[in-house]
Amino acid sequence: MKPGTNIDYSITIPAYNEEEYLPQTLENLRHSMNTISRFRGEIIVTDNNSTDSTASIAKEYGARVVFEEHQQISRARNTGAKAASGKYLIFVDSDTLISPALLEKTLNTLASERYCGGGALVEFDGHLPLVAKCGIITWLILSKTFKWACGAYVFCTHDAFMETGGFDERYYASEEIHFSRALRRWGRKHGKRFIILDESIITSSRKIKWYSIKEHLIMFLHMLRYLSPLQNRDACYKMWYQHPGKSKKDHG
């Protein structure tokens, strides 16, 4: 944390080639932030080696931009957090919208000093196929039961982030679950809790719609080929890191 600043919270957004979704996300964040006078915040966008106008768009909206060459969501989030000035950290995906009520409740939760971190419920935009709806319901049950934060929205104190080491960079997927568990362990040692708030974020369903059920099944079977698939870049790449029509070379 930078000394001498009066920033209460930092919102970090990892972004790779997000010129389509980033403007709406940043505009939404600015609106939500402007409704809250008690806390002062900043936005940090981690340009994860983009080849489009992601970085320039972020600057146009007043965000501070940091660069991370290695394309990995956990690394990108950690790079943004390390540049943050706030004592509270909020991680938001570049295609995700949060309400003023959720932001205010997040900040009040952390300011109470009874919680070390948490997450929120998740809703997807647009119409979804039945199998996707069933999957989301399953996730919501698991999230509330086991206190797993959705990666599109995670928050914590700066101290908890630093002492847990942030998002585990051994993983190319499921890093938010490992981070949630690390925060819960840290919280127990310090008499604090980890919470999933009842408010929801709205995030893009694009990854669900990009691929057919058959393609999702093929990608899942591809992951099973690896001994530790979530720690293997090749096993996770297409599902989490490759846009349709773009080759692996395009992503660095």
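Going through (1) among the hydroxyl-bearing types (Ser, Thr, Tyr); (2) touching a residue at least 60 places away in the same chain (Cβ under 8 Å); (3) in contact with a Leu (Cβ under 9 Å, 6 or more places away or on another chain) one by one, residue 54 falls short only on (2).
Conditions tested, residue by residue: (1) at pLDDT 85 or above; (2) surrounded by fewer than 20 Cβ atoms within 10 Å (Cβ to Cβ); (3) assigned to a loop (DSSP other than H, G, I, E, B); (4) of a type outside the set (Phe, Trp, Tyr).
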{"position": "128", "(1), (2), (3), (4)": "no, yes, yes, yes"}
{"position": "131", "(1), (2), (3), (4)": "no, yes, no, yes"}
{"position": "145", "(1), (2), (3), (4)": "yes, yes, no, yes"}
{"position": "162", "(1), (2), (3), (4)": "yes, yes, no, yes"}
{"position": "169", "(1), (2), (3), (4)": "yes, yes, yes, yes"}
{"position": "181", "(1), (2), (3), (4)": "yes, yes, no, yes"}
{"position": "199", "(1), (2), (3), (4)": "yes, yes, no, yes"}
{"position": "216", "(1), (2), (3), (4)": "no, yes, no, yes"}
{"position": "223", "(1), (2), (3), (4)": "no, yes, no, yes"}
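Comparison of 141, 90, 73, 137 shows that the only residue that is within 19 Å of residue 162 (Cα to Cα), among the aliphatic types (A, V, I, L, M) and modelled with pLDDT under 95 is 73. Filtering the stretch 32-60 to residues that are more than 15 Å from residue 10 (Cα to Cα) and touching a Pro at 6+ places or on another chain (Cβ under 8 Å) leaves 35, 48, 57.
The values are calculated or read from the model by the stated rules, or taken from the named source; none is laboratory data. Note that the structure is a prediction, hence the values are computed from the model and not measured. As a convention, Cβ positions derive from the backbone with ideal geometry for all residues, glycine included, and neighbour counts pool all protein chains shown.
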